[in-house]
Each structure stands twice: as structure tokens, then as C-alpha cells.
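*Asks:* Could you have a look at this structure, given as C-alpha cells, before my questions?
The values are calculated or read from the model by the stated rules, or taken from the named source; none is laboratory data. Treat the numbers as computed from the prediction; the structure is a model and nothing was measured. In case anyone asks, the SASA skips ligands and DNA or RNA and just uses the protein heavy atoms, side chains included. Shrake-Rupley method; radii C 1.70, N 1.55, O 1.52, S 1.80 Å.
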Amino acid sequence: AQASKTQRSSCALWTRPPHFSFSCSNLLLADMSCKTVVLFALAISGATALSAGRGFLAQNAEMQPDRVAKTLMRVEQEWRSQAIAFSECSAGEDCSGAAAAFQKSCSTVVSAVVQASSGDRDNVVEYMHDVCTEIAEKDWRHGRCTDMGTLIAATMKQDAYENREKFDTAGLCTKFWARVSKEEAARVEQEQKAQAEADTEAAKADEAARAAETKRQAEEEAKAAEASKKAEEAAKVADAAAVKATAEEEAAKALEEKEAKQAQEKNSKKDAEAKEEVEVKDAEAKEEVEVKDAVEASNATLVLAANSTNATVVFAANSTNATVPAPAVKPAVVAMPAVVAKSTVVAVMANKTA
């Protein structure tokens, strides 16, 4: 009910216990929620008997380390944001806002822890150990929680009253801010450096990729040009081969036609010679037949003439010697020499022609 009343009053003055009070309305928390700090203070300040030991923690739900740890994690996240804003503040600007907000919220948290413990240092050490243990060790906020608990314990004295009344919350928060801001600045610088290196490597990788792509394209273009050149050369060779083949084909065809023509002329000549030879042979055969016929005709004429002469002689003899029989005379056939016969035939043929 008191927490609800506090929230409704916009972080107005809230007092529990009587020796502890704070005003959220005057905290310059920047991006940090006032509600977060209030809840943390409520959880811590609810233990007026924190010195009774851990048995009290088990009975008070608001004081359970796991719930306080969750609230503290949100506070530490806001502290980181303030430290980052401070580290990124440019020269010449008013950079005091983040530090002031951290100082106020840190003082509220530390005061809540110290006052709720009634200034007992051992209880603070034990309780902060339990709270920080609830945060995973791999979480950066675990280390920040441990650092804060260690710093609080180192600042507290053995005298509980002096811790309650004279605890230097402002000095502790100033030291803690110096550590947090330095660590966050170093972390941011490291992250920026890592990011710059990553960007550089990415740029190098991009440049290498572009160079590789350019090289690949150049190689492909060179290969394409070489292939085109080879194709052109091959086309030229093919064209030359085609021209040569055409020329050879035409030359072979011309030679074939020439040879065919020569063969035809040779055959025609042979045919003419054969025809002439046949004609000569036919003429000679005809001439031989005509000579033979003429010789036979001439021989017949000679026989007839001889027979006629012999008859005349016999007749004359018979007339003279009628009492003396004349010896029988056989008809004589005078064979004429071939030359004479041929001459006679020629003469006869000439006479026939005339």
C-alpha cells in the first residue's frame, strides 16, 4: 500500500524507517526510471531487522535476494546507459547530467543497503553476496554487483552507529562512478575498435570480393575473347578449306571433263581409223573380187580364142590332107602371168569405163 501510495505521488517523500528518507522527485535520473530505484529502496529498506541474519530474509518476500537482484540488474543497465552517454558526450557540451543522475541513483541504492542493515558491515557483505549470486556469472552485471558490494563493504567501518550516521555515500558513489564510467568508456572504445576492425575486415573482404569478381569477369572476358578469336580463326580455316575444296573439286571436274573429252576424241579417232580400215579392206576385197572376175573373164576369152585357132588349123589341115588324118590336138589353155592378167583386167575395165 505504501509503495502504491509512493508511485501515485510521483516519487514524493517516503519514509521507512524513521532514520531513512529520500525524495525521487528531485533525482535527475535521465533515462533511468525513478520507479526502479524506488522499488529497490523499498526492498532493501524493508529490513529494519536485517541484522537478525538470513532467517529474516527467508521470512520477508520483499527482501528475497532473487527479487532484489532482478531490480538491481535493471538499475545497473540504466547506469551503463548513463556511463555510455557520458563517454559519448562531446567536448564543449554539458556532460554533467549523466554523472549527476548516476550520483543520485547510486546514493539512493547504497543508502538503502547501509540503512537497512543498521550499519552492520557483516550483514551487508553477506546480503550483497546473496544478491550478486542470483545474477549469472557470465552476465556483466554480476561483476558490477560484486564491485559495488565490495566497495560498500570497504567503505563501511566496524562501528555500526558511525556507518548509519556518517557513512560517506557521496564519496563512495563518486569512486564507483569513476570506475563504471572508465570501464564503460573502455568497453565502448573496445567495441568501437572491434567494430572498426570488423568494418575494416568487412571492407577488405568486400574489396577482395570485388577484386576477385573483377578478376573473374576479366578472365571470363579474356576467355570469351580467346574463344571468339579461335572461333574466327577456325572459321577462316574452314572457309579457306572450303574454298580449296571447291577449287580442287572444280579442277578435278575440269580434269575429268578434259580426260573425258580426250578419251572421246581418242575413241572417235579410233572409230574413224577403224572405219577407214574397214573401208580400205572392203575396197581391197571388192578390188580382189573384180580382179578375179576380170582374170576369169580374160581366161575364158583366151580359151575361146585358142580353141577357135586350133579349130581353124585342124580344119585347114584336114582340107589339105584329107587322106592323112591329122593327130588330135587338145585344146590349149595358155595361162597368162598374173601381171599380164591384171593388166588385161585393168585394160578391160578401162575399156568398159570408156
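*Asks:* Tell me, what HN-Hα J-couplings in whole Hz come from the Karplus equation 6.51 cos²θ - 1.76 cosθ + 1.60 at θ = phi - 60° for each residue of region 290-297, using x for Gly and Pro?
*Replies:* 5, 5, 4, 5, 5, 5, 5, 5
*Asks:* Quick one: accessible surface of E220, probe radius 1.4 Å, all protein chains present, in square angstrom to the nearest 10.
*Replies:* Answer for E220: close to 90 Å² accessible.
*Asks:* Would you mind checking K193/K215; K253/K275; K138/K182; K138/K204; K138/K193; K70/K104 for any pair whose Cα atoms are more than 24 angstrom apart?
*Replies:* K193/K215; K253/K275; K138/K204
*Asks:* Now a separate question. Hey, which lysines would be in cross-link range of K281, C-alpha to C-alpha under 26 Å, not counting anything within fewer than 8 residues on its own chain?
*Replies:* Counting by Cα, and skipping residues close in sequence, K281 has these lysines nearby: K266, K269, K270, K292, K342, K352.
*Asks:* What full-extension length gain, to one decimal in nm, is calculated for A218 and Q262 as 0.36 nm per residue of separation minus the Cα-Cα distance?
*Replies:* Difference between extended and current length: 9.5 nm.
*Asks:* List the lysines whose Cα sits under 19 Å from the Cα of K157, skipping any in the same chain fewer than 8 residues away.
*Replies:* Within reach: K166, K175.
*Asks:* Next up: Considering only protein heavy atoms and a 1.4 Å probe, what is the carbon-and-sulfur percentage of the accessible area of region 72-125?
*Replies:* 49 percent
*Asks:* When the Karplus curve 6.51 cos²θ - 1.76 cosθ + 1.60 is applied with θ = phi - 60°, which whole-Hz ³J(HN,Hα) does each residue of region 180-189 get, with x for Gly and Pro?
*Replies:* Result, rounded to whole Hz: 4, 5, 5, 5, 5, 5, 5, 5, 4, 4.
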